[in-house]
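For reference, the structure is listed below as structure tokens.
Coordinate-derived values only; no laboratory data. Because the structure is a prediction, the values reported are computed rather than measured. A quick note on method: Cβ atoms are made from the backbone with ideal geometry, for glycine too, and the neighbour counts reach across all protein chains shown.
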Amino acid sequence: MTSGGAHAETWLVADIGATNARFGLVSPEKTLLQTRTLAIADHPTIAQAITTYLAEREAFPMPRQGALAIASAITGDRVAMTNHPWSFSISALKSQLGFDRLEVINDFAALALALPHLPPADRRPIGGGAPSAGAPLGVLGPGSGLGVSGLIPAGTAWIALASEGGHVTMAPATDRESAVLDGMRRHFDHVSAERVLSGPGLVNLYNTLATLDGAPSRGYAAAQITDPEIGATDPLCAEAVSLFCAMLGTVAGNLALTLGARGGIYIGGGIIPRLGQRFAQSPFRERFEAKGRFSEYLAAIPTYVITHPLPAFLGCAALLSD
């Protein structure tokens, strides 16, 4: 999706996370016309944020349809954001905006809907395998949390799963991982995949490794733990990143087996794309395939890192055009 010229109709699309709300206008042909990022903290309500964005839409027509991808479970008309105080009624927001149609979906369900529309240039293959046509797809991604979804073929259409798969119980695959998870269980009632595979999860991994080794924790944030220069001098940071990638491979392989996702597994979120070539050289793919009798099954499934800058916009546009 790229910017275009004059259009008679526009649709509102949005990707709303814990810190920022990204808004855009697209045409019915799925051309991205305009985009802007607003800080959540600057707007007390989602309605105010949307109104602010639409007031600055330049010469484009006011949209009458919209789709919002939100980092939260969507279980009814009332939406309460998980990581910040925004809450709203979908029907009331639709009325307030004067929209004819307003869709609100989980951010990773939107990411799943984007997968069939990702150009090859916007996905980076990790390892081997080839997609099976018409087979389910899986997507997961560590960021402020761990998002998980899947895409199931239904005739000529696709059905995105509204999943909370990031909260499955994390399982160890080595003695070192067993020790790490045992240590984390002293602090958390339930050590989910998200407790390990997220920005806060990276910090949990690093601090637990430091405790296990009797080493002082330097109080690093996630961005510092993944910094290659720090990792070159701090072996605990390097090990935390390696464990992170390996355990993500475990969860990605589980997702592939659960969904029968022979169409491929896609990695999104904010952390993995920034690792670049380090992720390709990490234990991720080896661990993804390490499922004993089903290793050959998994070796045939491709895995990709999503490199598109606004994939949820693609999913929102696909939902509105359906």
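Computed from backbone phi, the HN-Hα couplings of region 119-130 come to x, x, 5, 9, 9, 10, x, 10, x, x, x, 9 Hz, rounded to whole numbers (Karplus: 6.51 cos²θ - 1.76 cosθ + 1.60, θ = phi - 60°; Gly and Pro given as x). Dimensions of region 201-260 along the principal axes, based on C-alpha atoms and rounded to the nearest Å, stand at 42, 23, 15, largest first.
By other beta-carbon atoms within 10 Å, ranking Met81, Met170 with the fewest at the front produces Met81, Met170. Multiplying the residue separation of Ala215 and Ser87 by 0.36 nm and subtracting their alpha-carbon distance yields 41.8 nm. At full extension, Ala121 and Glu286 could sit 57.0 nm farther apart than now, given 0.36 nm per residue minus the alpha carbon distance.
Rounded to the nearest whole Hz, the Karplus-based 3J(HN,Hα) values (6.51 cos²θ - 1.76 cosθ + 1.60, θ = phi - 60°) of region 290-303 follow the sequence 7, 10, x, 4, 9, 4, 5, 4, 6, 4, 7, 8, x, 10, with x at glycine and proline.
Among the trypsin sites (Lys or Arg not before Pro) within region 220-289, not one is in coil by DSSP while having at most 12 neighbouring Cβ atoms inside 10 Å. Taking other Cβ atoms within 10 Å as a rough exposure proxy, Leu93, Leu146 sort from fewest to most as Leu93, Leu146. Figure legend: label point modelled 7 angstrom from the Cα of Phe188 along Cα→Cβ; residues of region 214-253 with amide N under 17 Å from it are 221-223, 240-252. Skipping prolines and chain starts, which residues have an amide H placed within reach, meaning under 5 Å, of the one on Gly147, given they are 5 or more residues away or on another chain? The list, which skips near neighbours in sequence, is Gly141. For the pair Ser321 and Arg101, the difference between a 0.36 nm per residue extended length and the Cα-Cα distance amounts to 78.0 nm. The translational diffusion coefficient of region 123-308, from Stokes-Einstein at 4 °C and 1.567 mPa s with a Kirkwood hydrodynamic radius over alpha carbon pairs, comes to 78 µm²/s. Can you tell me the relative contact order of region 11-99? Whole percent, Cα pairs under 8 Å, sequence separation 6 or more. Here the relative contact order equals 29 percent. Helical content alone sets the calculated 222 nm signal of the chain at -10000 deg cm²/dmol, taking -39,500 (n - 2.57) per DSSP H segment of four or more residues and averaging over every residue.
Of Ala238, Ala55, Ala21, the residue with the greatest mean-square motion in the GNM of the chain, using alpha carbon springs below 10 Å, is Ala55. Reducing region 245-322 and region 49-98 to their Cα centroids gives an inter-centroid distance of 29 Å.
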